[in-house]
Amino acid sequence: LLKERVVIAPILEVLEKAYTIGGSAKGSLAAPQASIIATIPVGILNGGLPWNYIITGLVLGVLIIIVDLILEKNQTKFRLYCLGVAIAFYIPIYYTAPIFIGSMVHVVAGTDADKHSSDGILYAAGLVTGDALFGIITAIPIVITTDANVLVPNSWQLPYEPPIWPSFIALAALLFSLFYIGKFEP
């Protein structure tokens, strides 16, 4: 427990100073789950819970479960899980889009989740971990220089605007690697 405190506390401090965790300003790290969970006790204490939204969500949840039970009874490949729909409602698109893209890679690769999951899941988990580590590493120069734009190419005063097309090549390579690992490496 001591080593977690020694490692995590400084990392969270760097992230808070660089990006502001849970803030509403542009560039801050979003915390949608915390905002939703905080709304419930405040609404109970103040008597201002949005009951129309709660009842609508309850009815939608029941309908989704009924549709999923019908799909399960008919033994279709497609299922409509209530948790997946609920997450798609309250988590921002920039979190759910990669999940959707990963699902499409799974469909295009034609993999069986029960037989072909281990290597693809490990690879995807490594990508997520790498993204998190990159976010931590890029926070360090922001904290050291106290300049939020230290890593922004426009602040480097280049004589030209950097092109965006190399990003699409990197994305295509990433999607191909996910497809290849999922299809041919299990």
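Taking region 77-105 as the search range and keeping residues that are hydroxyl-bearing (S, T, Y) and open to solvent by 60 Å² or more (accessible area, probe 1.4 Å), which one is farthest from F176 (Cα to Cα)? Looking at residues that are hydroxyl-bearing (S, T, Y) and open to solvent by 60 Å² or more (accessible area, probe 1.4 Å), I get Y90.
Considering only region 59-75, how many residues are under 16 Å from V85 (Cα atoms) and acidic (D, E)? Of the residues in region 59-75, 1 are under 16 Å from V85 (Cα atoms) and acidic (D, E).
For region 65-76, filtered to residues that are open to solvent by less than 70 Å² (accessible area, probe 1.4 Å) and closer than 19 Å to V107 by Cα, the residue that is modelled with the highest pLDDT is L71. It is to be established whether one or more residues within region 136-145 are surrounded by 13 or more Cβ atoms within 10 Å (Cβ to Cβ) and of a type in the set (S, T, N, Q). Checked against the condition, which is being surrounded by 13 or more Cβ atoms within 10 Å (Cβ to Cβ) and of a type in the set (S, T, N, Q), region 136-145 yields at least one hit. Cβ separations smaller than 7 Å between residues 6+ apart or across chains give the following pairs from region 159-184 residues that are without any contact (Cβ under 8 Å) to a residue 24 or more places away in the chain to residues that are assigned to a helix (DSSP H, G or I) and surrounded by 10 or more Cβ atoms within 10 Å (Cβ to Cβ): P162/P153. Kindly indicate whether G27 is part of a loop (DSSP other than H, G, I, E, B), at pLDDT below 80 and either touching a strand residue (DSSP E or B) at 6+ places or on another chain (Cβ under 7 Å) or surrounded by 12 or more Cβ atoms within 10 Å (Cβ to Cβ) (or both). Here the answer is no, as G27 does not meet what is asked.
All of (1) open to solvent by less than 60 Å² (accessible area, probe 1.4 Å); (2) closer than 26 Å to F179 by Cβ; (3) modelled with pLDDT of 75 or more hold for L15 with one exception: (2). Of the listed requirements (1) modelled with pLDDT of 80 or more; (2) farther than 30 Å from I144 by Cα; (3) open to solvent by 90 Å² or more (accessible area, probe 1.4 Å); (4) assigned to a helix (DSSP H, G or I), V62 misses just one: (3). Which count do you get for residues in region 65-93 that are outside any helix (DSSP H, G or I) and on the phi < 0 side of the Ramachandran plot? Matching residues across region 65-93 total 9.
The values are calculated or read from the model by the stated rules, or taken from the named source; none is laboratory data. For clarity, every value in this text was computed on a predicted model and none was experimentally measured. Every residue, glycine as well, gets a Cβ built from its backbone with ideal geometry; the counts of neighbours run over all protein chains shown. Just the protein is used for accessible areas: all its heavy atoms, side chains included, with ligands, DNA and RNA removed. Shrake-Rupley method; radii C 1.70, N 1.55, O 1.52, S 1.80 Å.
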